[in-house]
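Participant: Encoded as structure tokens, here's the structure I'll be asking about.
The values are calculated or read from the model by the stated rules, or taken from the named source; none is laboratory data. Note that the structure is predicted; figures quoted are calculated from it, not measured. FYI the Cβ positions are ideal-geometry reconstructions off the backbone, even for glycines, and counts take in every protein chain you see.
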Amino acid sequence: MAEFDEKQFSQKLETAEKSLQELYHMRDHFFELYPVKLSDKKYSMLREKMSALIAIIDQIQEQTDFRLQSKEYKFKCSYIKGKALNVLPDYSDEAEKASSLAVKLDPTSIDAWNNLGECYWKKKNMEAAKNCFNDAITRSRNKDSLRRYSMVLRQLGSDTSEKFKNICESVDIAKEAVSLDVSDGNSWLVLGNAYLARFFAGGQSPKILQQSLSSYSQADKDSSTALCSDLHFNRATVYKYQEEYQKAMEGYDRALQLEPTWTQCKERLEDITSYLKKIMEFIETKGKIKQKRLTAMLQSLTEKSLGPFAGGNYSSPSGKTIKLNHIPISGIRPGINNETVISGKILGIISYIEPVPYVFIMADSECDIVAVSVYNLASNASFNIGDAVAIPEPYVQTNDFSFREQHFKFVGVRVENPVVMVVNGKKLHRNSLSPMFLSITSKSE
């Protein structure tokens, strides 16, 4: 082992630090450096470059008496090694050991705390990760630590109430990260994800989806995140819940191009395709209900089926009178159909791998059919084939597009709050709302 030569050691460390910067630049800007067709080679290329850097650090430590190095040099060696090993998405025990040593050698290093926290994140030790990012934030409220802290908060909580509180806090933390550098696409991406988590946590509000989508649009303006598979995947998820299925399918497809080994992208595409085909099949076959029964079902639709919406007006519990003109399904138009109400019989329930939304197809007395998506429905609430349903001021979306040589065409009605509906002549009770939605509504009031 050679004696400690500070000048030579410093030069080698500078080379290693430069290689570390190049390694992460390659990871974060891969598709600016290489064509998309090399996407399946990304991680093997990163692993090769990472291994070369680790070899440099190992060589430094083998050729130099580590005991004679200053604390600063020991820290740099440990930090560079831990950071390099952490460049890949999978957890590395070696990365954790090196990063832990780096933190012990310099507890004031924000980068070291962030790197150790990321190790714990990959290890799925969320409490430990939270402590690391929190320690970094207490030293300096920097965008990197705030982003990571926002991410880990969304994974914590022992019950529904605590999880919801953490998700709301994660949105605020992500907003702070954005405010520190509004041009940083990574911060916008994390904020978009936080809003998306907020959507699922309760309320399933289209406004929150729009906030998520706006954040993703900002992330798309930054070249370092514009070609990030996470961005395209998560934005596609927003489009799916906005029922903009063409954009959703194109987004998942783009994410798959950027990350060919990401099987979840392929599964999402297959799921949506199957789901849309099932809706069209149910509409085309009228729920496979025999003609005699179908005729009897539709003939039983009367003014009584509208319940409190009958007569052209509806008086809300607050005393406000709303004009509601009963129109056939053929009379609805895209967007909100103000001062109207449609009614029909449920012909079929569309099963889907996800509980949100609850979907059924409905035919009116003229046998025109729409697919109805109900959000914020309690898990113990459901509908039955043959139920008479009335929907006031329906929000209508038309689907007419092609994807991968398959054509999809049908009309959908979106219901955000199931309590506005009338089923078999009666308004749905408030216990039909998902519990989290009820708590949010109560709090906002």
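Participant: Which residues, taken from segment 252-267, are surrounded by fewer than 15 Cβ atoms within 10 Å (Cβ to Cβ) and not in a helix (DSSP H, G or I)?
Facilitator: The answer is 261, and nothing else.
Participant: Show the residue pairs meeting these rules: Cβ distance below 9 Å; 6+ apart or different chains; first residue within segment 386-407 and assigned by TED's automatic domain parsing to the domain that holds residue 298 and charged (D, E, K, R); second residue buried (at least 17 other Cβ atoms within 10 Å of the Cβ) and assigned to a loop (DSSP other than H, G, I, E, B).
Facilitator: 393/324; 393/337
Participant: Is at least one residue of segment 39-61 surrounded by 13 or more Cβ atoms within 10 Å (Cβ to Cβ), in contact with a Pro (Cβ under 9 Å, 6 or more places away or on another chain) and either more than 24 Å from residue 147 (Cβ to Cβ) or of a type in the set (S, T, N, Q) (or both)?
Facilitator: The answer is yes, given that some residue of segment 39-61 is surrounded by 13 or more Cβ atoms within 10 Å (Cβ to Cβ), in contact with a Pro (Cβ under 9 Å, 6 or more places away or on another chain) and either more than 24 Å from residue 147 (Cβ to Cβ) or of a type in the set (S, T, N, Q) (or both).
Participant: How about segment 268-372: which strands (runs of 3 or more DSSP E) wholly inside it have at least 2 residues that are without any contact (Cβ under 8 Å) to a residue 60 or more places away in the chain, surrounded by 12 or more Cβ atoms within 10 Å (Cβ to Cβ) and in contact with a Gly (Cβ under 8 Å, 6 or more places away or on another chain)?
Facilitator: In segment 268-372, the matching strands (runs of 3 or more DSSP E) lie at 340-350, 358-363.
Participant: Here are some residues: 354, 303. Which one is farther than 30 Å from residue 267 by Cα and of a type in the set (Asp, Glu)?
Facilitator: 303
Participant: Among the numbered conditions (1) outside the structural domain of residue 396 (by TED's automatic domain parsing); (2) part of a helix (DSSP H, G or I); (3) not hydrophobic (A, V, I, L, M, F, W, C), tell me where residue 243 comes up short.
Facilitator: Just one mismatch for residue 243, condition (2).
Participant: Shifting gears a bit: How many residues does segment 71-99 hold that are assigned to a helix (DSSP H, G or I) and buried (at least 17 other Cβ atoms within 10 Å of the Cβ)?
Facilitator: The qualifying residues number 17.
Participant: Hey, does segment 45-64 have a residue that's hydroxyl-bearing (Ser, Thr, Tyr), assigned by TED's automatic domain parsing to the domain that holds residue 222 and assigned to a helix (DSSP H, G or I)?
Facilitator: Kept after step one, since they are hydroxyl-bearing (Ser, Thr, Tyr), are these residues of segment 45-64: 51, 64.
Then keep just the ones that are assigned by TED's automatic domain parsing to the domain that holds residue 222; that gives 51, 64.
Restricting the remaining residues to those that are assigned to a helix (DSSP H, G or I) gives 51.
So far as segment 45-64 goes, yes, one or more of its residues are hydroxyl-bearing (Ser, Thr, Tyr), assigned by TED's automatic domain parsing to the domain that holds residue 222 and assigned to a helix (DSSP H, G or I).
Participant: Additional query: Residue 221 versus (1) in a helix (DSSP H, G or I); (2) of a type outside the set (S, T, N, Q); (3) over 24 Å from residue 432 (Cα atoms): which is the lone unmet condition?
Facilitator: (1)
Participant: Another question about this same structure. Which numbered condition in (1) part of a helix (DSSP H, G or I); (2) at pLDDT 95 or above is the only one that residue 182 fails?
Facilitator: It fails just one condition, (1).
Participant: Looking at (1) modelled with pLDDT under 95; (2) in contact with an Asp or Glu (Cβ under 8 Å, 6 or more places away or on another chain), which is the only condition residue 328 fails?
Facilitator: (1) is the only condition that residue 328 fails.
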